[in-house]
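Every number here is computed from the coordinates shown, using simple stated rules; none is lab data. The model shown is predicted, which means the values in this text are computed figures rather than measured ones. Neighbour counts run over all protein chains shown; Cβ positions are idealised from the backbone, glycine included.
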Amino acid sequence: MSFFTVPGKVRFGHTDSAGIIFYPRFFEIQNSVVEDWFDDVLDSSFAAFRETYDLTTPLVDVSTQFLVPCRLGEKLDVMLGIIHLGRSSLVLRVMAERDGETCITSRAVLVCSKTDFTGSAPWPDEIRKRMQSFQIEESET
């Protein structure tokens, strides 16, 4: 049980006029972390996942709490863990932390889908196997 963690910082392009993360930019950051996880851990970039398996991973549900403002220049660790790994879906916990304090927490549901969007498909066995080491308990978040 572990999190995939990407260190980063709040950049000018992430912020609003008050100098804090503008909420749509967090969803871009969250998606970037998911893409990095596919590249670095699951050994299948989004492009390769599409080309190799003819599958994609649309986001179908998201719930996010912005607990503490994240300001321009602050260093953040963005962490990803799996709350639930289903046959063709995945419930993720994505959190942004600053010095160990959770600033943003998000629950996101991805579905493994055929690229023509005619229905879901099971996760490929080798991808699913790599995902399993990132399962976390809900209480860890």
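Looking only at region 15-30, how many residues end up being surrounded by 15 or more Cβ atoms within 10 Å (Cβ to Cβ), touching a residue at least 24 places away in the same chain (Cβ under 8 Å) and part of a helix (DSSP H, G or I)?
Number of matching residues: 4.
Can you work out which of the residues in region 84-109 that are part of a strand (DSSP E or B) and of a type in the set (D, E, K, R) is surrounded by the fewest Cβ atoms within 10 Å (Cβ to Cβ)? Let's see the steps before the verdict.
From region 84-109, those part of a strand (DSSP E or B) are 84-85, 89-98, 101-109; that's our starting set.
This time we only want the ones that are of a type in the set (D, E, K, R), so: 93, 97-98, 101, 107.
Numbers: ARG93: 20, GLU97: 19, ARG98: 18, GLU101: 9, ARG107: 16.
Among those that are part of a strand (DSSP E or B) and of a type in the set (D, E, K, R), it is GLU101.
Write out, first by first residue and then by second, each pair whose Cβ atoms fall under 9 Å of each other, whose residues are 6+ apart or on separate chains, and whose first residue, in region 84-106, is closer than 16 Å to SER32 by Cβ while the second is surrounded by fewer than 17 Cβ atoms within 10 Å (Cβ to Cβ) and aliphatic (A, V, I, L, M).
ILE104/LEU67; ILE104/VAL68; SER106/VAL62
Identify, please: which residue in region 62-83 is free of Cβ contacts under 8 Å to residues at least 60 places away in the same chain and not in a strand (DSSP E or B) and is, among those, farthest from ILE136 (Cα to Cα)?
Taking region 62-83 first, the residues free of Cβ contacts under 8 Å to residues at least 60 places away in the same chain are 62-69, 82-83.
So of that shortlist, the ones also not in a strand (DSSP E or B) come out as 67-69.
Values: LEU67: 21, VAL68: 23, PRO69: 25 Å.
Selected residue: PRO69.
Quick check on ARG11: is it out of contact with any Ser or Thr (no Cβ under 8 Å at 6 or more places or on another chain) and surrounded by 12 or more Cβ atoms within 10 Å (Cβ to Cβ)? Full working, then the answer.
Working: out of contact with any Ser or Thr (no Cβ under 8 Å at 6 or more places or on another chain): yes; surrounded by 12 or more Cβ atoms within 10 Å (Cβ to Cβ): yes.
It is true that ARG11 is out of contact with any Ser or Thr (no Cβ under 8 Å at 6 or more places or on another chain) and surrounded by 12 or more Cβ atoms within 10 Å (Cβ to Cβ).
Any residue in region 7-16 that is closer than 17 Å to SER133 by Cα and among the small types (Gly, Ala, Ser)? Walk me through how you get there before you give the answer.
Pass one, region 7-16, residues closer than 17 Å to SER133 by Cα: none.
No, the conditions are met nowhere in region 7-16.
Of all the residues that make up region 34-53, how many are in a helix (DSSP H, G or I), surrounded by 14 or more Cβ atoms within 10 Å (Cβ to Cβ) and among the hydrophobic types (A, V, I, L, M, F, W, C)?
5
Could you please give the count of residues in region 86-111 that are within 17 Å of GLN135 (Cα to Cα) and of a type outside the set (Gly, Ala, Ser)?
Filtering region 86-111 for residues within 17 Å of GLN135 (Cα to Cα) gives 86-95, 105-111.
The next check asks that each one be of a type outside the set (Gly, Ala, Ser); those that pass are 87, 90-95, 105, 107, 109-111.
Residues flagged as within 17 Å of GLN135 (Cα to Cα) and of a type outside the set (Gly, Ala, Ser) within region 86-111 amount to 12.
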